[in-house]
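See structure below.
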């Protein structure tokens, strides 16, 4: 009778431990799912804030090499939603100087259900060239920006996680990790992951760290000169630094207009080929 009683006590204890283990396991993964959902929702808010009916930026661009040499360029950046409220944007980066780059540009059309469309134009070619998705990690026009940096992330192709809180340049930020998981994207992107310092109130990005396929930090986007533009907030100075080649690209805004009317034909190959 004593042995039987001891057996039932042991059996019940095992069942209790198993129940608590399963409950803890479920709560752990439920918590992770909530965190992932919150992280994805935060990224989508950042992308919505960056998108509007029409934005135009006039900027000076400085390219600094490892020897301290500086090359100057002037650029106009156009951004517009495909349709009002759309999650897909159209973007045109147009170079005006130096003289040999006048009219050069990169056109990006986002497509949520298929590969994005990108073209580049240089007066030396006298024609547009499509940028294949396999080249998304290449730098364009001698800058430290890759073609994929022009595009928003398609959030269903990434895994997101909130990994902490940190103040960046006086801004309390949520630290978000983004990892590509869609097989084609994993193969084509230059990044194994990115870390984002995001203001969770204004939904703006204060810094991004980019990691290569070996998991090493090799590029950073930093910001300065935060200013309000109507209902929006923007940084008027953005620096991209490529640590692997000790090179920087610094963008400084001369003029910015938000919620501007921009004709749709600005985002066509025909307009891209217009040199002046």
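The values are calculated or read from the model by the stated rules, or taken from the named source; none is laboratory data. Predicted model only: the values in this text are computed from it and were never measured. Here Cβ is always computed from backbone atoms with ideal geometry, including for glycine, and neighbour counts include all displayed protein chains.
Is it true that residue 13 is modelled with pLDDT under 95, part of a helix (DSSP H, G or I) and either buried (at least 16 other Cβ atoms within 10 Å of the Cβ) or out of contact with any helix residue (DSSP H, G or I) (no Cβ under 7 Å at 6 or more places or on another chain) (or both)? Step through it out loud before you land on a result.
Values: modelled with pLDDT under 95: yes; part of a helix (DSSP H, G or I): yes; either buried (at least 16 other Cβ atoms within 10 Å of the Cβ) or out of contact with any helix residue (DSSP H, G or I) (no Cβ under 7 Å at 6 or more places or on another chain) (or both): yes.
Judged against the criteria, residue 13 is a match.
Kindly establish whether residue 174 is at pLDDT 95 or above, exposed (fewer than 14 other Cβ atoms within 10 Å of the Cβ) and assigned to a strand (DSSP E or B). The answer is no for residue 174. Residues in region 208-229 that are in contact with a strand residue (DSSP E or B) (Cβ under 6 Å, 6 or more places away or on another chain), surrounded by fewer than 19 Cβ atoms within 10 Å (Cβ to Cβ) and either within 22 Å of residue 45 (Cβ to Cβ) or at pLDDT below 95 (or both): 209, 226, 227, 229.
Restricting attention to region 218-239, does a residue exist that is more than 28 Å from residue 92 (Cβ to Cβ) and free of Cβ contacts under 8 Å to residues at least 24 places away in the same chain? Looking through region 218-239, none of the residues is more than 28 Å from residue 92 (Cβ to Cβ) and free of Cβ contacts under 8 Å to residues at least 24 places away in the same chain. May I ask you to verify whether residue 257 is in contact with a strand residue (DSSP E or B) (Cβ under 6 Å, 6 or more places away or on another chain) and touching a residue at least 40 places away in the same chain (Cβ under 8 Å)? Yes, satisfied. I'm trying to understand the selection: among the residues of region 192-212, which are within 12 Å of the chain's Cα centre (by Cα) and in contact (Cβ under 8 Å) with a residue 40 or more places away in the chain? Scanning region 192-212 gives 196, 198, 204, 205.
The single condition from (1) crowded, with 16+ Cβ neighbours inside 10 Å; (2) modelled with pLDDT of 95 or more; (3) not in a strand (DSSP E or B) that residue 45 fails is (1).
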